[in-house]
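> Dropping a structure here in structure tokens format, bear with me for questions.
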Amino acid sequence: MKGLNAVVRWMIAFLLLVIGGAALAQGSIKLGELNSYKIFPAFLDPYKKGMELALEQTNAAGGVFGRNLEIVYRDDNGNPGDAVRAAEELLTREQVHFLLGTFASNVGLAIADLARQRKVLFIAAEPLTDKITWQNGNRYTFRLRPSTWMQTSMLVPDAAKLKKKRWAIVYPNYEYGQSATAAFKDLLKKSQPDVEFVTEQATPLGKIDSGAVVQALIDAKPDAIFSSLFGPDLSRFVRDGNTRGLFKNIAVFNLLGGEPEYLDALKDEAPTGWYVTGYPWYAINTPEHKKFLAAYQKRWKDYPRAGSVVGYATVLSAVAAMKKAGSLDSEKLVAAMEGLQLESPFGRITYRTLDHQATMGAYVGRTGVREGKGVMTTFSYGDGAKFQPSDAEVRKLRPAD
Amino acid sequence: MTILRVEGISKSYSGALALDNLSFELQAGEIIAMIGPNGAGKTTCFNILHGQLRADSGQVFVGDACTSRMDTPAILRLGVGRTFQIAATFHSFTVAENVQMALLARRGLLWNLHSQAGDLCRKEADQLLEQLGMLAHAARACSVLSYGDLKRVELAMALAGDPILLLMDEPTAGMAPRERLQLMALVVRLARERKLSVLFTEHDMDIVFAHADRILLLEQGRLICQGTPAMVRADPRAQRAYLGDNRD
Amino acid sequence: MSSFVLQFLNGLTSASTLFMVAAGLSLIFGITRVLNFAHGSMYMLGIYLAYSAIGAFSVGGVLTPVAFWGGILCAAVLVGMVGALVELTVLRRVYRSPELFQLLATFGVVLLTKDLVLWFWGPEDLLGPRAPGLGGAVEILGSPFPEYDLFLIVVGPLILGLLWLLLHSTRWGLLIRAATQDREMAAALGINQKLLFTSTFALGAFLAGLGGALQIPREPAQHFLDFTVIVDAFVVVVVGGMGSIPGAFLAALLIGEVKALCIGIGEIGAFGFGISLPKLTLVVESLVMAAVLIFRPWGLMGRALAVLPDAGEARPLLARNTAATRMAGVAIVAALAITPAFANQYSLVLLVDILIFALFAASLHFLMGPSGMASFGHAAYFGLGAYAAALAFKQAGLPMEISILVGPLVAVLAALSFGWFCVRLSGVYLAMLTLAFAQITWSVIYQWDGFTGGSNGLVGVWPAPWLSGRISYFYLVLLLCGGAVLILRRIIFSPFGYALRACRDSPMRAAAIGINVSRFQWMAFLVAGGFAGLAGALFAFSKGSISPEVLAIGQSVDGLVMVLLGGVQTISGPLVGAAVFTWLQELVARHIDYWRALLGMIIIVIVVAFPHGIVGQLFSRNRAKE
């Protein structure tokens, strides 16, 4: 029992130490950042690194309004209930000026609604759901990353060009996969009315039964496949598909498949010739990106992932908004965010006044294997401004403020 | 007056016959022992009488009512109480609470969500405990009682239902010899006072012959002989079947 | 036809995989009666360790068969050692605790392992190499089929056979079987129980580790594996019959094949309705489990036995209110009531969470404690209460004040329908059936995008203006949760509550004095479900949004942890447990990155220091003094 007491004492001392540490840092401008760091670490570790890089650059350049910028990080446990509590803590105890972050769509939507209720600015960095800017859009919420609909529509021109008739679809069975599938079917039908969807496989997120799914796709004899799988599901799908010869002579489109987060895990088994959206950091030659890449590699001794760019651009957006507003008042910040323009590693982006969606795009191209690693071989930048429904459609979807 | 009439009940478990056309009667105030080797069908018979099992055929009457298709609560309402081979009490309750529980159940007060159960029927419970010599233990937890005392609590719970017929499955099993005699004497005294009929099973022949008015001898689900202790003692079938090689 | 055969083979592959994890879990439960929540973590450790071991053995980066198979074996052995270590350091100390308490200890291990793995192996998914010599495919009926999958199809039955041999032709196996049948008897015969338990844990963990390591060519090592695997493993064990290893095999086969068939058949149409069978894979395990348990209450090959560990153990008396406890209660409520005067706004937010979870835990305790029915799916009522309130508010346009009442109402209806099936079962089987119902409910809400908002949930569920301030909402929650907890307490001491405890203590005696046991237990579901629903409705309006997490397994597990942490045998335990757990989680998560590891460690320390739960321990100390 003696040893036990020592452990307890040690733990209490430790807790006190951390609590004390957190009480430091005064007089700075505080932003609250929430994310599911422990649930989606593969994406959010690089994301946080991107944020810190931008933060350090901002402060090195004199901060905002001559004050130091500070980001208070909170883990939302991947759960909207905990996320709302953490956000309340950031707003009331930490007195942050506005909120950033979130990854999962349900968490993003919950925080967006909290932002509306508490009347504070929220820059949703990662969530892909279309609803956050459309059906559930609100005055206080802006979103950086290209939405499911935008990324899906970037793949459609290539898909339509192939004139394949029989399409099979596989998607993770939740809102992201469902929306991507619905958008894809809808858009492809418009440009190719005779298209036929021969099978749809909805797989439980993180639990794909890849053998059976691949077999079912083989049996459906499709000409092409549209997949929105990612992460471990994608790895299993690719490996089983390779072994069973599913991808022979079939065109495959995979949303997000070119992001290093997902492509790198496949190593030399990465598929070749797939059509994907992603982030070919090794081959983007624009000056903005080169600058970012050099700074990132210097700071972290690691290459950036898609999340790094998002984290970096989120902080830049926040800084630009504060500078444009010239104030930390929520209403002025919101006004500044509407139509805000800034330089991101992907070039100039704009937060649309219409639906608060940023025009940051994604790279669309085809995959290949180089030196035992999956890469995007040919690609082009899909500018987010161009892949949008008509303004009238968006107005119909988005409720008035 | 006939309290219990069993007419030709049979019961089999997946082919094996546990009770084979068993019939007997029990008169008011009578104390009857049912004996027989293990597996003779005594517990099965009790379970049928108390509604926990259905007989495959045959009928049971308590008074004038046919109970063959009744469930336990209905049979209880007719005044049939029961104790178990291994004393079953509620071990997270005090002794008094156990008896109160039985009284509350008897009076249909269990759906009450509001009153404090510990205050209800306390007086009656104490009276019953006094009759059984357990009043001094009223506030103790059942989990700390000696086995003999548990048996008394169980008996008090059975009596709380105001039975006219008490079914006791090996009332003295697992007790020290002295305790056995005391407990059985108590049962008999209470039964005589309350004009109760008792049907009990027992392996201890001293107790059976000392207290039973009549004895039923079962073997392999069949009633092979019945009568007063003296008659059974004299019956050669009984001697052969049971008494002769009784090593229990 | 060929596709049918191939899908059948796919089913066999996943059955083999499932069986390997489930076998170890079943073995551990059979002997120690511990529901080992950390079994999935052992599986995850197995796959990570195999990844590293194979890498380390591949000298110069060349993958040889020796490196591959040696790595897998090495990983499994290491995991076995970890299992033994967990048994020796933690579980050994809590065998005598109240039922299910060991589950709490293993939950701590789960949290700890999760962060250790993240810290050691980093965040990225690690896809292992293909098996040398088995990396390709063979033609079966004109379609390529992976050789490694065929290998796995053989390995499952092989392990079943080896286990059978081990159990039936070694002395150790004899002891194991004796202990599975009757632990006390085995102890009385002088079997060294400590050694037996440790070796069982080691073997169980070894099997889990092996199951994980063998998956290395098929799936990437990643952080979710522990949770996805543990639920499936539990389902297999329960469907097969707890402690029965052939049963586990049969269950794995059933589930594997049903899943493969769902995927293989695809869409079916009948009577103008189209049903997408692949979508069912989300809940196929739960559907199979519910179907099996409804018809076979002890699983496919299980036997009727007292399944809950120490179900017959003497439970302490419930202390009635004394002047002192009454005073303490009044003081706590009074202190809470004046909090808004001095505390900051965030304390109120946190207190609202604590109060709501306290009611949730109290309602779960009503089932687990006085009624003796553990529920692993209590989040169903919490979540349905939340969703019903939110939907009444958003879709039906009812005022918020009315919507809050719709929550418990719907939860009661759900509790009545689920409870009707559940009360026919007992012990872990009952608990797992509640989990099955909760999972089925979850999947309906998760998929019904048009009505429930699907996986995104519903937003804009805010209180009426007069209640929308943090202070006014705090008072509403204090009033409703405080009142509900008092009512629950009152019910526990009422004749109804006594009858429930009677049914728990001795169903046989309860029936003999005229209590209709299953009807009372059914009504216990009603009470517990209703109050959980109220907590859920309050939760929805406190957050302004609601998503399927509120009725997912995680929420049910949180409830269990709260109740066990506080002490299942006391009435105030769950309240304390909810407060401590919520507060700790908030505090720890705020201050360190590896907060799950710290929280896990704290839970383990609490488990070892308070083997009867926090409040339970204080009470038993008091009693000891008296």
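Each value in this text was obtained by applying a stated rule to the coordinates, not by laboratory testing. Computed from a predicted model, the values in this text were never measured in an experiment. A quick note on method: Cβ atoms are made from the backbone with ideal geometry, for glycine too, and the neighbour counts reach across all protein chains shown.
> If I histogram all Cα-Cα distances within chain B using bins 10 Å wide from 0, what percent of pairs lands in each bin?
Taking every Cα pair in chain B, the percentages come to 7, 31, 35, 20, 6, 1, 0.
> Modelling each spin label as a point 7 Å along the Cα-to-Cβ direction, I'd like the C:SER417/C:ILE275 distance in nm, to one decimal.
Each label point lies 7 Å from its Cα, and together they span 1.6 nm.
> Please compute one quarter of the surface area of the Cα convex hull for the protein assembly as shown and express it in square nanometres.
For the protein assembly as shown, the mean projected area of the Cα convex hull comes to 51.9 nm².
> Sticking with this structure for a sec: Can you pull the percent of Cα pairs in the range C:194-283 with separation above 17 Å?
66
> Which one of A:GLY257, B:ASN98, A:THR272 is farthest out on the positive end of the charge dipole of the protein assembly as shown, using unit charges on Cβ (Lys, Arg +1; Asp, Glu -1) and the Cα centre as origin?
Farthest towards the positive end: B:ASN98.
> Would you mind giving the mean number of other chain beta-carbons within 10 Å of the Cβ of each residue in C:447-453, as a whole number?
Averaged over the peptide's residues, the number is 2.
> Suppose we keep just the alpha-carbon trace of the range C:1-131; what are its Rg and Dmax in angstrom?
17.6, 56
> Sort A:248-257, C:6-15, A:208-217 for me by packing, meaning the mean count of neighbouring Cβ atoms within 10 Å per residue, highest on top.
The packing order, highest mean first, is A:208-217, C:6-15, A:248-257.
> Size of the range C:2-224 along its principal axes in angstrom, Cα-based, largest extent first?
Sorted largest first, the three principal extents are 59, 40, 30 Å.
> Once phi is turned into θ = phi - 60°, what whole-Hz ³J(HN,Hα) does the Karplus curve with 6.51, -1.76 and 1.60 give for every residue of the range C:344-356, x standing for Gly and Pro?
Result, ordered by residue: 6, 4, 5, 4, 5, 4, 5, 5, 4, 4, 4, 4, 5 Hz.
> How tilted is helix C:101-121 with respect to the longest principal axis of chain C? Cα atoms for both, answer in degrees (0 to 90, nearest 10).
That works out to roughly 60 degrees.
> Hey, another quick one. On a 0 to 90° scale, report how tilted helix C:284-295 is relative to the longest principal axis of chain C, with both axes built from alpha carbons and the result rounded to the nearest 10.
Value to nearest ten degrees: 70.
> Rounded to a whole number, what is D in µm²/s for chain C from Stokes-Einstein with the Kirkwood radius over alpha-carbon pairs (4 °C, 1.567 mPa s)?
Rounded to a whole number, D works out at 51 µm²/s.
> Determine one quarter of the surface area of the Cα convex hull of chain A, which equals its mean projected area, and express it in nm² to one decimal.
If you wrap the Cα atoms of chain A in a convex hull and average its projections, you get 22.0 nm².
> If you don't mind, there's one more thing I want to ask. Placing unit charges on C-beta atoms (Lys and Arg positive, Asp and Glu negative, everything else neutral), compute the dipole magnitude of the range C:351-494 about its Cα centre in debye, rounded to 20.
I would put it at about 240 debye.
> Give me, ordered by chain and number, the residues 5 or more places off B:THR83 or on other chains with an amide H under 5 Å from its own placed amide H.
B:LEU167, B:MET168, B:ASP169
> Over the Cα atoms of the range C:465-621, what radius of gyration and what Dmax do you get, in Å?
Expressed in Å, the Cα Rg and Dmax of the range C:465-621 come to 18.3, 57.
> Taking θ as phi - 60°, what are the ³J(HN,Hα) couplings along the range C:9-23 by the Karplus curve (6.51, -1.76, 1.60), each to the nearest whole Hz, with x for Gly and Pro?
5, 4, x, 5, 4, 6, 5, 4, 4, 4, 4, 4, 6, 5, 4
> Restricting to DSSP loop positions (anything but H, G, I, E, B) with no more than 12 other Cβ atoms inside 10 Å of their own Cβ, which trypsin sites (Lys or Arg not before Pro) remain in the range A:284-377?
Passing both the DSSP loop test and the Cβ count: A:LYS301.
> Also, quick follow-up: Taking other Cβ within 10 Å of each residue's Cβ, how do A:MET322, A:MET360, C:MET601 sort, fewest first?
C:MET601, A:MET322, A:MET360
> If one puts a single equal scatterer on every Cα of the range C:59-136 and applies the Debye formula without solvent, what log₁₀ I(q)/I(0) results at q = 0.11, 0.20, 0.23, 0.28 Å⁻¹?
-0.48, -1.00, -1.13, -1.28
> Quote the Stokes-Einstein diffusion coefficient, in whole µm² s⁻¹, for the range B:88-162, based on the Kirkwood radius over alpha carbon pairs, a temperature of 20 °C and a viscosity of 1.002 mPa s.
178
> Let me ask something else. Can you list residues from other chains, or at least 5 along the same chain, whose modelled amide H is less than 5 Å from the amide H of A:VAL375?
The list, which skips near neighbours in sequence, is A:GLY368, A:VAL369, A:ARG370.
> Take the Cα atoms of the range C:323-552, find their three principal axes, and give me the spread along each one in whole Å, biggest first.
So the extents along the principal axes, rounded to whole Å, are 55, 51, 25.
> Continuing with the same structure: Could you tell me, in Å, what Rg and Dmax come out for the Cα atoms of the range A:168-219?
12.0, 34
> So what does log10 I(q)/I(0) come out to for the range B:1-60 at q = 0.28 Å⁻¹, using the Debye formula with one equal point on every Cα and no solvent?
The Debye formula, applied to the Cα set alone, gives -1.32.
> With the radius of gyration and the Kirkwood radius both derived from the Cα set of the range C:409-515, what is their ratio Rg to Rh?
1.09
> In peptide C:35-46, what is the residue-averaged number of other protein chain Cβ atoms found within 10 Å of each Cβ?
0
> Could you work out, residue by residue across C:118-125, how many beta carbons of other chains sit within 10 Å of that residue's beta carbon, and then give the average as an integer?
Averaged over the peptide's residues, the number is 5.
> Taking 7 Å along the Cα-to-C-beta vector as the label spot, tell me the A:ALA283-B:ASP126 distance in nanometres, rounded to one decimal.
So the label points at A:ALA283 and B:ASP126 sit 9.3 nm apart.
> When the Karplus curve 6.51 cos²θ - 1.76 cosθ + 1.60 is applied with θ = phi - 60°, which whole-Hz ³J(HN,Hα) does each residue of the range A:186-197 get, with x for Gly and Pro?
Karplus values, whole Hz, x for Gly and Pro: 4, 5, 5, 4, 5, 8, 8, x, 8, 5, 10, 9.
> Still on this model: Does anything in the range C:191-211 have its amide N under 14 Å from the 7 Å Cα→Cβ label point of C:LEU158, and if so which residues?
Taking a point 7 Å out along Cα→Cβ of C:LEU158, the residues of the range C:191-211 whose backbone N falls under 14 Å are C:210-211.
> Looking at this model, which pairs from A:LYS161/A:LYS248; A:LYS323/C:LYS543; A:LYS119/C:LYS394 are more than 24 angstrom apart at the alpha-carbon?
A:LYS323/C:LYS543
> Amide H to amide H, which residues 5 or more places from A:LEU340 or on other chains are under 5 Å from it, using H placed in the peptide plane?
A:TYR351
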